[in-house]
Amino acid sequence: MYATTALATRFRPIWLYVLLAPACAGPTLTHKPAKEIAAMPHPLADASAPLESRQLIARVLRLIDSIHGIADLAPDNVEQQTGLSVRIHSTDRTEYAASGRIDSDWAYSLASVSYRQGQAPSRLDFDFIDTRADRSGPANPTAICTLDLDGYRRALSAQDFKQTQLAGHAPDPGFGFRGVELLTFARGKVEVSLRTYGDRAPDDGRACICGLRISVQP
């Protein structure tokens with residue numbers, strides 16, 4: 001698990017107290033990012049007014065297209081590109097995030113991630129989150145699967161991203177799960193990794209995507 005597992009309690013909006021785990025379950029972390037916090041949006045993206053996932057995905061893709069360096073991960077650019085309100089959680093503006101509802105069963109989180117205190121974030125994590133109180137059975141992913149893996153592939157290709165095998169990169173225990181290899185795309189210093197819902201094979205073009213990791217190399 002990543003973003004929601006590190007939510008700081010004092011920064012949680014009331015409705016986020018029902019969140020127990022992200023849609024893409026993961027193993028126990030062997031290390032934790034220094035910062036990984038979700039926040040409540042302001043009235044422009046009111047959590048009480050659900051945002052349809054197709055619109056949300058389009059906004060996140062627009063954000064990705066704007067990112068060419070670490071400075072583009074800044075909260076001002078996130079707000080400008082997505083139209084989501086970002087709440088700042090630190091005086092040095094290195095801890096920030098936006099979150100809200102998809103429907104009664106699903107929420108989303110877009111959170112900054114840093115690996116050193118006071119360091120500018122080098123990553124943004126976007127998650128769809130299962131918010132059901134009763135998780136004895138699998139969730140219905142229809143609400144979050146408005147763009148499948150092939151759709152993401154086409155969208156990222158149109159932004160000049162190239163699918164890549166990161167053979168030289170060690171698996172990230174904060175993002176990978178159940179041994180499923182991440183599907184990763186690169187453009188310059190920017191890498192976008194996709195997580196499939198339900199442990200679907202990453203070569204399944206119709207697989208549902210439940211999380212993105214947007215990383216920028218120094």
If we keep just the residues of region 106-129 that are of a type in the set (D, E, K, R) and at pLDDT 95 or above, which is farthest from Leu194 (Cα to Cα)?
-> Arg123
Going through region 87-102 one residue at a time, which ones are assigned to a loop (DSSP other than H, G, I, E, B) and modelled with pLDDT of 95 or more?
-> Ile102
Considering only region 185-210, state which residues are on the phi > 0 side of the Ramachandran plot and at pLDDT 95 or above.
-> Gly188
Options Arg54, Arg93, Arg87: the member that is closer than 18 Å to Tyr197 by Cβ and open to solvent by 10 Å² or more (accessible area, probe 1.4 Å) = Arg54
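For region 122-156: of the residues being assigned to a helix (DSSP H, G or I) and among the small types (Gly, Ala, Ser), which is nearest to Arg93 (Cα to Cα)?
Ranking the qualifying residues of region 122-156, first place goes to Ala155.
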Test: Gly137 is small (Gly, Ala, Ser) and either touching a residue at least 24 places away in the same chain (Cβ under 8 Å) or surrounded by 15 or more Cβ atoms within 10 Å (Cβ to Cβ) (or both) | no
Scope region 106-152; condition of a type in the set (Lys, Arg) and within 16 Å of Arg59 (Cα to Cα); matching residues = none
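The values are calculated or read from the model by the stated rules, or taken from the named source; none is laboratory data. In this text, all values refer to a predicted model and were calculated from it rather than measured experimentally. As a convention, Cβ positions derive from the backbone with ideal geometry for all residues, glycine included, and neighbour counts pool all protein chains shown. Heavy atoms of the whole protein, side chains included, go into the accessibility calculation; ligands, DNA and RNA do not. Shrake-Rupley method; radii C 1.70, N 1.55, O 1.52, S 1.80 Å.
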